[in-house]
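The values are calculated or read from the model by the stated rules, or taken from the named source; none is laboratory data. Computed from a prediction, not measured in an experiment: that's the story for all the values here. Positions of Cβ are backbone-derived with ideal geometry, glycine not excepted, and every protein chain shown enters the neighbour counts. The area values use the complete protein model at the heavy-atom level, side chains included, leaving out ligands, DNA and RNA. Shrake-Rupley method; radii C 1.70, N 1.55, O 1.52, S 1.80 Å.
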Amino acid sequence: MEAACDENVKSFVLSNPHNPSGRVFSREELTELQDFCSRHDLLMISDEIHCDLVFEGKHVPWFSVNEEAREHSVTLTSASKTYNIPAIPYAFAIIPNAELRQKYLDICYGLFSPVGVLGIEALRAAYGQCGEWHRELIAYLRANRDYMEERIRSIPGISVNHNEATYLAFADCRELGLEDPWTFFREKAGVNFNDGRDFDAPGYVRINFACPRSQLKEALDRVETAVRELI
(Lines give C-alpha, C1' and ligand atoms only; values in the text may rest on other atoms or scores of the structure.)
Protein backbone atom coordinates (compact mmCIF):
# COMPACT_ATOMS: atom_id res chain seq x y z
CA MET A 1 0.00 0.00 0.00
CA GLU A 2 2.88 2.36 0.72
CA ALA A 3 4.20 1.82 -2.79
CA ALA A 4 0.78 2.34 -4.37
CA CYS A 5 -0.08 5.52 -2.48
CA ASP A 6 0.96 8.67 -4.34
CA GLU A 7 -0.26 12.29 -4.42
CA ASN A 8 -3.28 11.32 -6.52
CA VAL A 9 -4.70 9.03 -3.82
CA LYS A 10 -7.12 10.94 -1.58
CA SER A 11 -9.15 8.23 0.17
CA PHE A 12 -9.06 4.66 1.42
CA VAL A 13 -12.10 2.43 0.94
CA LEU A 14 -12.31 -0.33 3.54
CA SER A 15 -14.66 -3.31 3.77
CA ASN A 16 -15.07 -3.92 7.51
CA PRO A 17 -15.77 -6.83 8.12
CA HIS A 18 -14.06 -7.79 4.91
CA ASN A 19 -15.81 -9.15 1.85
CA PRO A 20 -14.91 -11.62 0.38
CA SER A 21 -12.31 -12.84 2.89
CA GLY A 22 -14.73 -12.84 5.85
CA ARG A 23 -12.13 -11.27 8.16
CA VAL A 24 -13.03 -9.41 11.34
CA PHE A 25 -10.32 -6.83 11.85
CA SER A 26 -8.98 -6.29 15.35
CA ARG A 27 -8.66 -2.86 16.95
CA GLU A 28 -4.88 -3.19 16.66
CA GLU A 29 -5.09 -3.83 12.93
CA LEU A 30 -7.44 -0.91 12.40
CA THR A 31 -5.22 1.38 14.46
CA GLU A 32 -2.25 0.46 12.26
CA LEU A 33 -4.37 1.24 9.20
CA GLN A 34 -5.37 4.58 10.69
CA ASP A 35 -1.69 5.41 11.12
CA PHE A 36 -1.21 4.68 7.42
CA CYS A 37 -4.12 6.95 6.51
CA SER A 38 -2.78 9.73 8.71
CA ARG A 39 0.67 9.56 7.12
CA HIS A 40 -0.88 9.94 3.67
CA ASP A 41 -3.68 12.34 4.62
CA LEU A 42 -6.38 9.93 3.43
CA LEU A 43 -10.08 10.11 4.10
CA MET A 44 -11.36 6.72 5.26
CA ILE A 45 -14.59 5.45 3.70
CA SER A 46 -15.53 2.38 5.71
CA ASP A 47 -18.17 0.05 4.27
CA GLU A 48 -19.60 -1.76 7.29
CA ILE A 49 -22.70 -3.29 5.76
CA HIS A 50 -21.76 -6.74 7.13
CA CYS A 51 -21.13 -5.50 10.68
CA ASP A 52 -24.11 -7.43 12.14
CA LEU A 53 -22.98 -10.72 10.60
CA VAL A 54 -20.07 -11.62 12.88
CA PHE A 55 -19.45 -15.22 14.00
CA GLU A 56 -16.10 -14.84 15.76
CA GLY A 57 -14.47 -11.87 17.42
CA LYS A 58 -16.10 -8.48 17.72
CA HIS A 59 -16.79 -5.84 15.10
CA VAL A 60 -14.92 -2.59 15.72
CA PRO A 61 -16.57 0.38 13.98
CA TRP A 62 -13.98 2.49 12.22
CA PHE A 63 -15.04 5.74 13.87
CA SER A 64 -14.45 4.15 17.30
CA VAL A 65 -10.77 3.32 16.68
CA ASN A 66 -9.44 6.67 17.94
CA GLU A 67 -10.08 10.40 17.64
CA GLU A 68 -8.18 10.67 14.36
CA ALA A 69 -10.31 7.93 12.82
CA ARG A 70 -13.47 9.57 14.12
CA GLU A 71 -12.68 12.96 12.62
CA HIS A 72 -11.48 11.78 9.20
CA SER A 73 -13.97 9.16 8.11
CA VAL A 74 -17.29 8.32 6.54
CA THR A 75 -18.86 5.05 7.68
CA LEU A 76 -21.51 3.55 5.41
CA THR A 77 -23.92 0.78 6.36
CA SER A 78 -27.43 -0.55 5.87
CA ALA A 79 -29.85 -3.13 7.23
CA SER A 80 -30.25 -4.66 3.78
CA LYS A 81 -27.67 -7.46 4.12
CA THR A 82 -28.44 -8.69 7.61
CA TYR A 83 -32.20 -8.32 7.47
CA ASN A 84 -32.61 -9.15 3.77
CA ILE A 85 -34.42 -5.97 2.75
CA PRO A 86 -32.38 -4.76 -0.26
CA ALA A 87 -35.61 -4.01 -2.13
CA ILE A 88 -36.04 -1.07 0.24
CA PRO A 89 -33.07 1.04 -0.88
CA TYR A 90 -32.22 2.53 2.48
CA ALA A 91 -28.68 3.08 3.72
CA PHE A 92 -27.05 5.66 5.95
CA ALA A 93 -23.73 7.36 6.61
CA ILE A 94 -22.16 8.00 10.00
CA ILE A 95 -19.98 11.14 9.86
CA PRO A 96 -19.00 12.46 13.30
CA ASN A 97 -17.06 15.45 11.96
CA ALA A 98 -19.58 18.27 11.46
CA GLU A 99 -17.69 20.02 8.66
CA LEU A 100 -17.19 16.79 6.73
CA ARG A 101 -20.83 15.83 7.32
CA GLN A 102 -22.00 19.13 5.83
CA LYS A 103 -19.82 18.60 2.75
CA TYR A 104 -21.39 15.18 2.35
CA LEU A 105 -24.88 16.63 2.62
CA ASP A 106 -24.09 19.36 0.11
CA ILE A 107 -22.86 16.82 -2.43
CA CYS A 108 -25.68 14.36 -1.83
CA TYR A 109 -28.48 16.90 -2.05
CA GLY A 110 -30.58 15.93 -5.06
CA LEU A 111 -28.35 12.95 -5.82
CA PHE A 112 -30.40 10.40 -3.88
CA SER A 113 -34.14 9.98 -3.51
CA PRO A 114 -35.73 11.41 -0.37
CA VAL A 115 -36.01 9.04 2.56
CA GLY A 116 -39.40 7.32 2.48
CA VAL A 117 -41.53 6.42 5.47
CA LEU A 118 -41.43 2.73 4.52
CA GLY A 119 -37.65 2.73 4.62
CA ILE A 120 -37.66 4.31 8.07
CA GLU A 121 -40.23 1.83 9.39
CA ALA A 122 -38.29 -1.09 7.92
CA LEU A 123 -35.16 0.14 9.68
CA ARG A 124 -37.03 0.54 12.97
CA ALA A 125 -38.39 -2.98 12.69
CA ALA A 126 -35.01 -4.47 11.79
CA TYR A 127 -32.97 -2.80 14.50
CA GLY A 128 -35.68 -2.53 17.14
CA GLN A 129 -37.81 -5.66 16.94
CA CYS A 130 -35.73 -8.47 15.41
CA GLY A 131 -33.20 -9.27 18.12
CA GLU A 132 -34.26 -12.89 18.58
CA TRP A 133 -34.52 -13.42 14.82
CA HIS A 134 -31.00 -12.02 14.41
CA ARG A 135 -29.59 -14.38 17.03
CA GLU A 136 -31.22 -17.33 15.27
CA LEU A 137 -29.87 -16.09 11.94
CA ILE A 138 -26.28 -15.95 13.22
CA ALA A 139 -26.56 -19.46 14.66
CA TYR A 140 -27.92 -20.81 11.37
CA LEU A 141 -25.29 -19.07 9.25
CA ARG A 142 -22.49 -20.24 11.55
CA ALA A 143 -23.71 -23.83 11.21
CA ASN A 144 -23.92 -23.43 7.42
CA ARG A 145 -20.38 -22.10 7.38
CA ASP A 146 -19.11 -25.07 9.38
CA TYR A 147 -20.98 -27.50 7.14
CA MET A 148 -19.62 -25.83 4.00
CA GLU A 149 -16.04 -25.90 5.27
CA GLU A 150 -16.31 -29.58 6.19
CA ARG A 151 -17.76 -30.51 2.81
CA ILE A 152 -15.18 -28.55 0.83
CA ARG A 153 -12.33 -30.21 2.75
CA SER A 154 -13.53 -33.48 1.23
CA ILE A 155 -13.51 -32.14 -2.36
CA PRO A 156 -10.08 -32.43 -4.01
CA GLY A 157 -8.60 -29.32 -5.58
CA ILE A 158 -10.71 -26.80 -3.65
CA SER A 159 -10.04 -24.95 -0.39
CA VAL A 160 -11.99 -22.18 1.28
CA ASN A 161 -11.23 -19.35 3.69
CA HIS A 162 -12.52 -19.55 7.25
CA ASN A 163 -15.24 -16.92 7.61
CA GLU A 164 -15.14 -14.94 10.84
CA ALA A 165 -18.01 -12.84 9.47
CA THR A 166 -20.29 -12.38 6.44
CA TYR A 167 -22.11 -15.13 4.56
CA LEU A 168 -19.80 -14.96 1.54
CA ALA A 169 -16.92 -17.44 1.41
CA PHE A 170 -14.00 -17.30 -1.04
CA ALA A 171 -13.07 -20.68 -2.49
CA ASP A 172 -9.66 -21.29 -4.08
CA CYS A 173 -10.05 -23.59 -7.11
CA ARG A 174 -6.64 -23.07 -8.69
CA GLU A 175 -5.46 -26.61 -7.98
CA LEU A 176 -8.15 -27.89 -10.34
CA GLY A 177 -6.18 -26.40 -13.22
CA LEU A 178 -9.25 -24.81 -14.75
CA GLU A 179 -8.91 -21.62 -16.75
CA ASP A 180 -12.43 -20.58 -15.74
CA PRO A 181 -13.85 -22.38 -12.66
CA TRP A 182 -16.89 -20.10 -12.57
CA THR A 183 -18.04 -21.26 -16.01
CA PHE A 184 -17.13 -24.85 -15.20
CA PHE A 185 -19.35 -24.98 -12.11
CA ARG A 186 -22.17 -23.15 -13.85
CA GLU A 187 -22.18 -25.45 -16.88
CA LYS A 188 -21.12 -28.79 -15.37
CA ALA A 189 -22.72 -28.54 -11.93
CA GLY A 190 -25.54 -26.08 -12.51
CA VAL A 191 -24.26 -23.91 -9.64
CA ASN A 192 -23.84 -20.19 -10.22
CA PHE A 193 -21.19 -18.81 -7.88
CA ASN A 194 -19.67 -15.32 -8.10
CA ASP A 195 -16.64 -15.14 -10.37
CA GLY A 196 -13.37 -14.50 -8.55
CA ARG A 197 -12.18 -12.41 -11.48
CA ASP A 198 -14.62 -9.73 -10.36
CA PHE A 199 -12.40 -9.44 -7.26
CA ASP A 200 -9.17 -9.54 -9.29
CA ALA A 201 -8.71 -13.15 -8.16
CA PRO A 202 -8.88 -15.54 -11.13
CA GLY A 203 -9.18 -19.15 -10.06
CA TYR A 204 -11.51 -18.31 -7.17
CA VAL A 205 -15.28 -18.38 -6.76
CA ARG A 206 -17.37 -16.72 -4.07
CA ILE A 207 -19.97 -18.86 -2.31
CA ASN A 208 -23.12 -17.43 -0.74
CA PHE A 209 -24.03 -19.76 2.11
CA ALA A 210 -26.97 -17.68 3.38
CA CYS A 211 -29.53 -20.17 2.16
CA PRO A 212 -31.48 -23.18 3.45
CA ARG A 213 -29.14 -26.05 4.41
CA SER A 214 -30.84 -28.30 1.88
CA GLN A 215 -29.98 -25.89 -0.92
CA LEU A 216 -26.38 -25.59 0.25
CA LYS A 217 -26.08 -29.38 0.41
CA GLU A 218 -27.46 -29.80 -3.10
CA ALA A 219 -25.05 -27.22 -4.49
CA LEU A 220 -22.03 -28.83 -2.84
CA ASP A 221 -23.18 -32.30 -3.92
CA ARG A 222 -23.27 -31.06 -7.51
CA VAL A 223 -19.86 -29.40 -7.16
CA GLU A 224 -18.29 -32.53 -5.72
CA THR A 225 -19.75 -34.71 -8.50
CA ALA A 226 -18.47 -32.36 -11.20
CA VAL A 227 -14.98 -32.18 -9.67
CA ARG A 228 -14.65 -35.95 -9.25
CA GLU A 229 -15.71 -36.44 -12.86
CA LEU A 230 -13.10 -33.89 -13.88
CA ILE A 231 -10.21 -35.58 -12.09
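Looking only at segment 60-74, which residues are crowded, with 17+ Cβ neighbours inside 10 Å and more than 12 Å from residue 28 (Cα to Cα)?
Of everything in segment 60-74, those that are crowded, with 17+ Cβ neighbours inside 10 Å and more than 12 Å from residue 28 (Cα to Cα) turn out to be 61, 63, 69, 70, 72, 73, 74.
Out of 28, 32, 56, I need the residue that is touching a helix residue (DSSP H, G or I) at 6+ places or on another chain (Cβ under 9 Å), surrounded by fewer than 20 Cβ atoms within 10 Å (Cβ to Cβ) and either modelled with pLDDT of 95 or more or not in a loop (DSSP other than H, G, I, E, B) (or both). Which one? Before you say what the answer is, go through the steps one by one.
Details: 28 fails: touching a helix residue (DSSP H, G or I) at 6+ places or on another chain (Cβ under 9 Å); 32 fails: touching a helix residue (DSSP H, G or I) at 6+ places or on another chain (Cβ under 9 Å).
Residue meeting the stated conditions: 56.
Say whether the condition of being surrounded by 15 or more Cβ atoms within 10 Å (Cβ to Cβ) and not hydrophobic (A, V, I, L, M, F, W, C) is met by at least one residue in segment 110-118. Step through it out loud before you land on a result.
Residues of segment 110-118 that are surrounded by 15 or more Cβ atoms within 10 Å (Cβ to Cβ), as a first pass: none.
Among the residues of segment 110-118, not one is surrounded by 15 or more Cβ atoms within 10 Å (Cβ to Cβ) and not hydrophobic (A, V, I, L, M, F, W, C), which makes the answer no.
Looking at (1) open to solvent by 40 Å² or more (accessible area, probe 1.4 Å); (2) farther than 30 Å from residue 226 by Cβ, which is the only condition residue 122 fails?
It is condition (1) that residue 122 fails.
Just to be sure I understand, how many residues within segment 35-53 are under 12 Å from the mean Cα position of the chain (by Cα) and outside any loop (DSSP other than H, G, I, E, B)?
Step one: filter segment 35-53 for residues under 12 Å from the mean Cα position of the chain (by Cα), giving 46-53.
From what is left, the residues that are outside any loop (DSSP other than H, G, I, E, B) are 46-47.
Final tally of qualifying residues: 2.
Can you pull out the residues in segment 86-109 that are within 26 Å of residue 166 (Cβ to Cβ) and open to solvent by 90 Å² or more (accessible area, probe 1.4 Å)?
If the condition is that a residue be within 26 Å of residue 166 (Cβ to Cβ) and open to solvent by 90 Å² or more (accessible area, probe 1.4 Å), then 87, 89 are the ones that fit.
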